[in-house]
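The values are calculated or read from the model by the stated rules, or taken from the named source; none is laboratory data. For clarity, every value in this text was computed on a predicted model and none was experimentally measured. Neighbour counts run over all protein chains shown; Cβ positions are idealised from the backbone, glycine included.
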Amino acid sequence: MQKYIDIIKTSYAEYWNYIKQSILMELNWENYFYGLLLISFVVWGLEALFPWRKHQSLFRKDFWLDTFYMFFNFFLLNLIVLTALSNTAAVFFDDILGFVGLSVSSFQILELNALSFPARIFIFFIVVDFTQWWTHRLLHRVEFLWNFHKVHHSVKQMGFAAHLRYHWMEPVVYNSLRYVPLAIIGGFSAQDVAIVHFFNITIGHLNHANINWDYGWLKYVLNNPKMHIWHHAKDLPKERRFGVNFGLTLSVWDYLFNTNYIPYSGKDIELGFNGDEDFPKDFIRQEMYPLGKNK
């Protein structure tokens, strides 16, 4: 037990130091704080230059709520619980495997370090994105998980910062389901993670942005604003009631598995979900949802 307590303490201390180093610009490529700021300002600038919904203000509905979510979920949530939980869970899982004479390396079928840099990044990216695509489908399909995912779908006007409006439980689900496939490929570095993460954040911001883009033929590969807005559509056909366009970064999975859906321009469609008029509007009650949702 003391080992786990020490892991938790170390996790808090190390992540707090990381945040301080990030803000004080003592880090280089792994500075997620200024990386997020740069990506956000660039995409926000694109919203100003190439607006799809020209009547929508740059300071759209819930702009400041989503901006707070962006920094809370990207940094503070990790400090409060996720980093310590993730590190502790990983060691606990290793200990469980140890009891039966196994280790995480026992499941490793590929050593990324043995590959070239482009191949390593590509495989890591594909495994992460495909796992997240399936996880996203589960968030819509399983009622228990959908109750948490409703926070993200409570967005009523799309903008770049809506990308990171999500319930604290979502990264717990995503990280848990990513653990095994990432353990299987093994050998990726912190720099690999940073490169893929920054790319995913950029595409995610663009997907939610009020930008008149679909990337031409690349729309069949990359998720885009004109595709992703239908994922947030309030009204969908009965046969699509569990959602559409689940891609986070890549759209190709939706085309491969027939979950793509763009019937016409979604420029002015209503966003949300059935019953969203009664959904909490403030950060605290959204983060507490669905606890006490019937009160």
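Being touching an Asp or Glu at 6+ places or on another chain (Cβ under 8 Å), at pLDDT 80 or above and at negative phi is true for just one of Leu76, Leu58, Leu37. Which residue is that?
Only one candidate qualifies: Leu58.
When both residues are 6+ apart or on different chains and their Cβ atoms are under 9 Å apart, which pairs have a first residue that lies in the range 17-33 and is among the small types (Gly, Ala, Ser), and a second that is at pLDDT below 80?
Every condition considered, the pairs that remain are Ser22/Glu30.
Residues in the range 244-257: is at least one surrounded by 12 or more Cβ atoms within 10 Å (Cβ to Cβ), in contact with a strand residue (DSSP E or B) (Cβ under 7 Å, 6 or more places away or on another chain) and of a type in the set (Gly, Ala, Ser)?
Yes, there is a match, as at least one residue in the range 244-257 is surrounded by 12 or more Cβ atoms within 10 Å (Cβ to Cβ), in contact with a strand residue (DSSP E or B) (Cβ under 7 Å, 6 or more places away or on another chain) and of a type in the set (Gly, Ala, Ser).
Let me confirm something: among Asn224, Asn258, which residue is touching a Leu at 6+ places or on another chain (Cβ under 9 Å) and farther than 21 Å from Asp62 by Cα?
On inspection, the qualifying residue turns out to be Asn224.
Cβ contacts < 7 Å: first residue under 12 Å from Leu112 (Cβ atoms), restricted to the range 180-206; second residue assigned to a helix (DSSP H, G or I) and of a type in the set (D, E, K, R), any location; separation 6+ or different chain. Result?
Partner pairs satisfying both residue conditions: Phe188/Arg120; Asp192/Arg120.
Return the residue satisfying two criteria in turn: it lies in the range 23-49 and is closer than 28 Å to Ile269 by Cβ and loosely packed, with under 13 Cβ neighbours inside 10 Å, and of such residues it is nearest to the chain's Cα centre (by Cα).
Phe41
Keeping to the range 1-35, report how many residues are under 18 Å from Ser86 (Cβ atoms) and in a helix (DSSP H, G or I).
18
Against the conditions (1) farther than 27 Å from Ala48 by Cβ; (2) out of contact with any Leu (no Cβ under 9 Å at 6 or more places or on another chain); (3) crowded, with 17+ Cβ neighbours inside 10 Å, where does Pro181 fall short? Just the number, please.
(3)
Listed residues Val221, Val193; which is in contact with a strand residue (DSSP E or B) (Cβ under 7 Å, 6 or more places away or on another chain) and surrounded by fewer than 20 Cβ atoms within 10 Å (Cβ to Cβ)?
Working: Val193 fails: in contact with a strand residue (DSSP E or B) (Cβ under 7 Å, 6 or more places away or on another chain).
That would be Val221, the only listed residue that is in contact with a strand residue (DSSP E or B) (Cβ under 7 Å, 6 or more places away or on another chain) and surrounded by fewer than 20 Cβ atoms within 10 Å (Cβ to Cβ).
Taking Tyr220, is it hydroxyl-bearing (Ser, Thr, Tyr) and closer than 22 Å to His149 by Cβ?
No, not satisfied.
Look through the range 117-137, keep the residues that are buried (at least 20 other Cβ atoms within 10 Å of the Cβ) and aromatic (Phe, Trp, Tyr), and return whichever of them is farthest from Val193 (Cα to Cα).
Selected residue: Trp133.
Quick one: in the range 34-59, which of the residues that are among the charged types (D, E, K, R) and touching a residue at least 24 places away in the same chain (Cβ under 8 Å) is farthest from Asn207 (Cα to Cα)?
Arg53
Output the residues belonging to the range 158-178 that are among the hydrophobic types (A, V, I, L, M, F, W, C), touching a Ser or Thr at 6+ places or on another chain (Cβ under 7 Å) and surrounded by 16 or more Cβ atoms within 10 Å (Cβ to Cβ).
Phe160, Ala161, Val173
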